[in-house]
Amino acid sequence: MDQSPVQKPFDLAAFRQPVAQPQGATPEQLAEALGPFAPPEDYDFGDEFDPEVPRPLPRPNRRGSYASRRRSQPLILIVLGIAFVVFRMLPSIEDLGHYILPLWYLHWGGLLFFIGGIGALIRNLLTWDDFQYIRDGIPAIGRVIHLRQAVVPQFHNGVQVASHGSFRALVEYTNPQREQRAFAFFETTTFPESKAPRYESGLEIGDYVTLVSLPGDFATNLRLYAWTGLNPNDDWPKFDGKPLRGMTPLKALLLTKSVLLGLWLFVGFLHLFLYFPEEWNWKWGGIYSLAGVLIAFGVVTLFALRNPKTEPVSLANPPQLRHKILGGFVVGVVGLLGGLFMMSLLNSLCDRSLPVLRSVEIVNSWETTHNFLIRHYEVELRPLRGGADFKKGISVSNLFQLQAAGSRYGVELVRPGWLRLHWVEGIRPVEWQLASNPPTDVEKARIVRFKSIQTSEVYPLMPCIHVNKDLTVPPPPDLVALAAHDLAQQSQMQVEK
């Protein structure tokens with residue numbers, strides 16, 4: 001066997017060229033540089049190709065990376081289908097569905113996944129897919145004459161947003177149908193450019209390798225056997241020394257949970273802005289904003305030190321420099337928002353003070369849907385102590401509480417804040433509850449008597465504000481008469497003097 005040059009260490013410059021062979025070199029010249037095509041006389045295709053066609057599928061070949069991926073695909077669909085149905089039944093997902101509308105149909109998606117998984121499982125039982133390269137395959141010997149890692153950039157609106165790498169090999173072989181020398185180009189599945197140094201092709205320039213094709217046109221169906229994942233003893237490419245077996249059902253389930261958790265945190269982040277302080281304090285705002293920016297850049301710096309780049313940033317590379325500047329700007333904005341988020345979170349969660357009730361009229365409420373995906377909720381309020389009407393966001397649970405009460409009047413729960421930044425906990429409607437019979441001394445001072453217009457029956461009711469499940473307080477005096485008049489109009493009753 002000829003002493004052929006070994007594969008060079010990872011070369012970022014070569015990796016960035018999406019070509020299969022050096023410029024100016026033909027396949028014939030590359031082959032001639034390696035010497036005569038002389039495979040070893042004892043070259044072995046493998047035990048799986050020894051029987052006559054149609055060959056059985058040997059047990060060892062059922063443990064390769066292709067077999068693993070083939071088994072995992074239907075199981076992933078089935079597991080995700082069941083998980084989606086179960087997730088949809090969780091109260092947290094139901095609440096989240098009010099904001100992210102597709103989650104309302106998560107169980108239907110789960111049903112489709114489950115049916116698709118069963119269909120894929122049946123298909124695996126009835127078909128051979130790539131295993132037919134073992135059952136009916138025609139093996140041949142080839143020689144690697146060129147090998148490199150190449151990059152495939154991805155663009156969005158003319159801007160490069162990502163890059164994926166792959167191994168590309170140019171192989172010389174003898175076409176058994178035409179009995180002449182030929183060349184074939186092979187490429188692996190893509191992988192992230194950032195992880196390219198951790199992938200191995202398993203080949204070196206000058207290696208003699210097994211090629212396999214199917215009956216019919218030999219060149220059209222030709223595959224590089226080591227890159228098919230069919231042989232567990234020669235299974236390439238590898239990541240950190242392990243074959244690419246694909247995602248397991250457990251990883252898919254954990255990924256789904258992570259996505260749902262991320263959506264929940266995202267909505268929670270937006271939801272927290274409902275409780276953002278009504279007033280600004282430069283002292284606390286500056287401290288938390290600066291802390292957020294420093295933490296964000298600290299995390300990015302730590303990550304960069306743990307994952308050093310193979311190519312430094314240079315003014316001679318404007319696209320990379322622009323990406324770095326844009327990335328720094330994004331990190332700064334994220335850190336700034338994160339700092340304000342923490343300020344709002346601490347100001348509200350650590351506040352243990354009693355709220356101040358601010359009387360308002362609930363003028364209107366509505367929901368806005370964006371692209372049939374995202375929905376948010378708002379109310380229009382009118383301060384009873386003077387001032388213009390204003391609109392503000394509201395949580396869906398708070399909105400449902402207002403709609404269930406049916407009252408036009410309520411209060412804003414204003415708290416002083418842990419950082420002395422006033423914030424609004426929510427809006428509570430004026431509600432009515434039946435007084436005791438006989439009423440207590442405390443109830444007597446709060447009772448409003450309503451008389452039915454139709455039956456003349458009198459109802460002793462008391463107005464109240466449910467601050468939370470453990471605290472109920474009387475409404476401000478300026479609300480009682482307005483709320484009583486509103487209830488009388490809605491219920492065909494009149495207020496007794």
Exercise. Got a sec? Which of Ile115, Ile141 is touching a strand residue (DSSP E or B) at 6+ places or on another chain (Cβ under 8 Å) and in contact (Cβ under 8 Å) with a residue 12 or more places away in the chain?
Worked result: Ile141
Exercise. Do the conditions hold for Gly35, that is, is it among the small types (Gly, Ala, Ser) and out of contact with any helix residue (DSSP H, G or I) (no Cβ under 9 Å at 6 or more places or on another chain)?
Worked result: yes
For this session: Say whether the condition of being touching a residue at least 40 places away in the same chain (Cβ under 8 Å), part of a loop (DSSP other than H, G, I, E, B) and loosely packed, with under 15 Cβ neighbours inside 10 Å is met by at least one residue in the range 429-438.
Result: no
For this session: Give me a count of the residues in the range 36-77 that are of a type in the set (Ser, Thr, Tyr) and farther than 27 Å from Ile205 by Cα.
Result: 2
For this session: Just give me the residues in the range 456-470 being at pLDDT 90 or above and either of a type in the set (A, V, I, L, M) or in a strand (DSSP E or B) (or both), in sequence order.
Result: Val458, Tyr459, Pro460, Leu461, Met462, Pro463, Cys464, Ile465, His466, Val467
Exercise. Which of the residues that make up the range 218-273 are among the hydroxyl-bearing types (Ser, Thr, Tyr) and loosely packed, with under 13 Cβ neighbours inside 10 Å?
Worked result: Thr220, Ser258
Seminar exercise, completed: When the range 377-400 is checked residue by residue, the ones that are buried (at least 18 other Cβ atoms within 10 Å of the Cβ) and over 17 Å from Val467 (Cα atoms) are Tyr377, Val379, Leu381
Exercise. Considering the range 401-410 alone, what residues qualify as being assigned to a helix (DSSP H, G or I) and surrounded by 13 or more Cβ atoms within 10 Å (Cβ to Cβ)?
Worked result: Gln401, Leu402, Ala405
For this session: Kindly indicate the residue of the range 88-101 that is crowded, with 19+ Cβ neighbours inside 10 Å and among the hydrophobic types (A, V, I, L, M, F, W, C) and also nearest to Arg223 (Cα to Cα) among those meeting that condition.
Result: Ile93
Seminar exercise, completed: (1) in contact with a strand residue (DSSP E or B) (Cβ under 7 Å, 6 or more places away or on another chain); (2) assigned by the TED database to the domain that holds Pro60 all hold for Lys238 apart from (2)
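The values are calculated or read from the model by the stated rules, or taken from the named source; none is laboratory data. Note that the structure is a prediction, hence the values are computed from the model and not measured. A quick note on method: Cβ atoms are made from the backbone with ideal geometry, for glycine too, and the neighbour counts reach across all protein chains shown.
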